[in-house]
Amino acid sequence: PIPPTLLHEHAPGWTIFENVYMANGTLYVVTDAPSDWPAIEYITSTGLPAENTPESKEQRMPTAHEIDFISPVEAQARWGDEESEDDTRIFVVGGNTLLFNDPDQFLNHYYHFCAELFFGAWAFWSATFVNDTPDTFTRAIFPHTGRSWRDGPNMNSFFLRGGFPSLTVETEEDWEDRVSATALTPAELGRPGKSRAWRFDRVLLADRSAAFRGPECGARTQRTAAEAMHGVVPKNTDGEPIHEFLPRGWWEPVRRRVLRFVGVRPAVLNLFDPAHPEAVPPKEKIAVTYISRQSVRRRLIPEDHDRLVASLEELCHRRGWELNIMQAEKISREEQLIIAARTTYLIGVHGNGLSHLIMMPPTPAATVIEIFFPEGYAHDYEWTARSLGMRHFAVWNDTSTTYPDVNWASYPEGFQGTRIPVWGPYVAELIEKRADGKL
Ligand SMILES: *[C@@H]1O[C@H](CO)[C@@H](O)[C@H](O)[C@H]1NC(C)=O
Ligand SMILES: *[C@@H]1O[C@H](CO)[C@@H](O)[C@H](O)[C@H]1NC(C)=O
């Protein structure tokens, strides 16, 4: 009557369990072989905010209060019914639960929520259960945040409600209800020796701190989704990945659902054709989108912005391409996503606006051009673009570099500033070379 817990898939920070139990805030793995399980610091954390200090690292280390291992016999003793072998004090939470153990420190940000957390969750889940669709998720639980899994512009809730219409959200108050209902002592429950527990059918537990303890995220990319991806890509007999990423099109089920919700027409959705993933869009469908950040903090030198716009206008006019100069904060969420859905070349200063790359058609032509303060570098959009099969170039004024030539994060003075240089004609030339197959 008490099914053991099964481990379906695991990578640092990403774990899919079947029959995981929860009582009084502790997740219980019911097993006779706890030593077969990964160390709990690779599964979870205390969910506290992350600072880059030894104290914070220590405070986020999980204990047996976060995850505990008990034998089926012990589970029977705690939660079984004393009068009937077939009855238990266990109550089933059915379906597929996303248990996102992160605090709102990162959740309330479009990039981290959509392009990292859901992105990683979908890679991990869809490769584990290959026939599942995004409908398959029953609920998302955020045990460490209240309403603030939402971001300022409300992209997160829009993405979540549009892409996953039947998904139910539970936040820390709801989790607290579940905790307190199972915190009662047997005496309080009037059932000597027996207390109450929940059994979750299937859970994907994602934990940012645990992902950072893994080498892909912690030592290389600082992308939690990189652990999820690394965990599920095809491996050879030595366990070495054959490919760095899942096959092109892996994110398409989610992208299509969000964009259909927005109202993007099938002809635009089909700029990427899952039946012909290596096809490139026809020349008359090429669209260049520059995300201007000139009214927010990290931005270009004003004259460099003007010169970039002029160079892009000249290029697109001459080649007959669509050009969008997008100031995200001035247009609606729908308009932003509609533009992203038909963009071939996305250009912008390092920042959240580039998160829209997850809504671009992921064809072999798709390209992200990220402008950094010279010598600055971060993996956020590079890893994300590459994982979708897109090319990524980092532009440092009048030069560019592309992974793996630059393979480290670097935040020089000026990185976050308002005087980032860029030589517009160089960016236009880069796009043109790429379009002409010279890169
Ligand atoms: C529930 O957990 C708290 C710690 O969070 C502990 O103090 C308390 O004794 C536990 N209650 C039961 C019934 O195990
Ligand atoms: C950017 O590149 C242009 C063209 O090569 C050059 O004239 C300009 O001085 C450069 N700016 C910076 C800040 O290096």
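Brief remarks follow.
- Measuring nothing but how far apart in sequence close Cα pairs (under 8 Å, 6+ apart) lie, relative to its length, the chain scores a relative contact order of 15 percent.
- Of the GluC sites (Glu not before Pro) found in region 66-137, those that fall in a DSSP loop while having at most 14 other beta-carbon atoms within 10 Å are Glu82, Glu83, Glu85.
- Overall form of region 252-343 per C-alpha gyration tensor (a/c, 1.5; a/b vs b/c): oblate
- Share of pairwise Cα separations in region 29-90, more than 16 Å, in percent: 58 percent
- Rounded to 5, the percent of DSSP beta bridges in the chain classed as antiparallel: 35 percent
- Only protein atoms count toward the accessible area here, which uses a 1.4 Å probe; on region 365-439, the carbon and sulfur part of that area reaches 51 percent.
- Positive end of the dipole of region 68-181 (Cβ unit charges, origin at the Cα centre): among Leu98, Thr138, Phe159, the Cα lying farthest that way belongs to Phe159.
- If the segment from Ser410 to Ser180 were pulled out straight at 0.36 nm per residue, it would be longer than the present Cα-Cα gap by 78.3 nm.
- Computed log10 I(q)/I(0) for region 10-137 at 0.15, 0.16 Å⁻¹: -0.88, -0.98, from the Debye equation with unit scatterers placed on every C-alpha and solvent omitted.
- Relative contact order (%) - criterion: Cα under 8 Å, at least six apart; region: region 18-92: 32 percent
- Of the trypsin sites (Lys or Arg not before Pro) in region 392-439, the ones in a loop by DSSP (not H, G, I, E or B) with at most 13 other beta carbons within 10 Å are Arg419, Lys438.
- Sites matching trypsin sites (Lys or Arg not before Pro) across region 119-164 that sit in DSSP coil, with at most 14 neighbouring C-beta atoms within 10 Å: Arg147
- The chain: calculated mean residue ellipticity at 222 nm from DSSP helix runs of at least 4, using -39500 (n - 2.57): -8000 deg cm²/dmol
- In summary, region 281-414 shows an alpha-carbon radius of gyration equal to 1.00 times the 2.2 N^0.38 Å reference for compact globular proteins.
- Alpha-carbon Rg/Rh ratio, for the chain, with Rh computed the Kirkwood way: 1.02
- Cβ-based net charge around Leu184, under 12 Å, with every Lys or Arg adding one and every Asp or Glu removing one: +3
- Within the shell of other residues whose beta carbon sits under 15 angstrom from the beta carbon of Leu259, the net charge comes to +4, with Lys and Arg scored +1 and Asp and Glu -1.
- When its C-alpha radius of gyration is set against 2.2 N^0.38 Å (N residues), region 366-406 gives a value of 1.04.
The values are calculated or read from the model by the stated rules, or taken from the named source; none is laboratory data. Predicted, not measured: the structure shown is a model, and the values here were computed from it. No Cβ is skipped: glycine too gets one built from the backbone with ideal geometry, and neighbour counts run over all protein chains shown. All accessible areas refer to the heavy atoms of the entire protein, side chains included, with ligands and DNA or RNA removed. Shrake-Rupley method; radii C 1.70, N 1.55, O 1.52, S 1.80 Å.
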